[in-house]
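> After the structure tokens below, expect a handful of questions from me.
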Amino acid sequence: MDQIDVKEAWKNLMGKGVNHYTKNVVLKGTTLYVELSSAVLREELSHGKSKIVTMINEELRRDVVKDVVLR
């Protein structure tokens, strides 16, 4: 259930630009793994990992994600 919720939250929060480069979003335990096709975007998003965690947890209204790994 959380897996589907997190994918939807990512889609809603990141917008068309980021979603265009998003290949896969997988939740394993409390870690969110996001596969991106753009190295530049991956680098840019890596600076805001804690903000991404906060935004997704706020969207889901509970603490699901503790860490984000961008690949």
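> Please go through the range 27-37 and give me each residue that is surrounded by 14 or more Cβ atoms within 10 Å (Cβ to Cβ) and of a type outside the set (Phe, Trp, Tyr), ordered by number.
Correct list: LEU27, LEU32, VAL34, GLU35, LEU36.
> Does the range 21-45 hold any residues that are hydroxyl-bearing (Ser, Thr, Tyr) and more than 13 Å from the chain's Cα centre (by Cα), and which are they?
Within the range 21-45, SER37, SER38 qualify.
> Follow-up question, since we're still on this one. Among the residues of the range 14-24, is there at least one that is part of a helix (DSSP H, G or I), open to solvent by less than 90 Å² (accessible area, probe 1.4 Å), β-branched (Val, Ile, Thr) and modelled with pLDDT of 95 or more?
Yes - at least one qualifying residue is present in the range 14-24.
> Restricted to the range 25-51, and to residues that are of a type in the set (D, E, K, R) and assigned to a helix (DSSP H, G or I), which residue is nearest to ASP63 (Cα to Cα)?
Here the residue is LYS51.
The values are calculated or read from the model by the stated rules, or taken from the named source; none is laboratory data. Predicted model, so just to flag it, every value in this text is computed and none were measured. Ideal geometry is used to build each Cβ from the backbone, glycine not excepted, and the neighbour counts take in all protein chains shown. Each accessible area value is taken on the protein alone, full model and side chains, heavy atoms only, with ligands, DNA and RNA left out. Shrake-Rupley method; radii C 1.70, N 1.55, O 1.52, S 1.80 Å.
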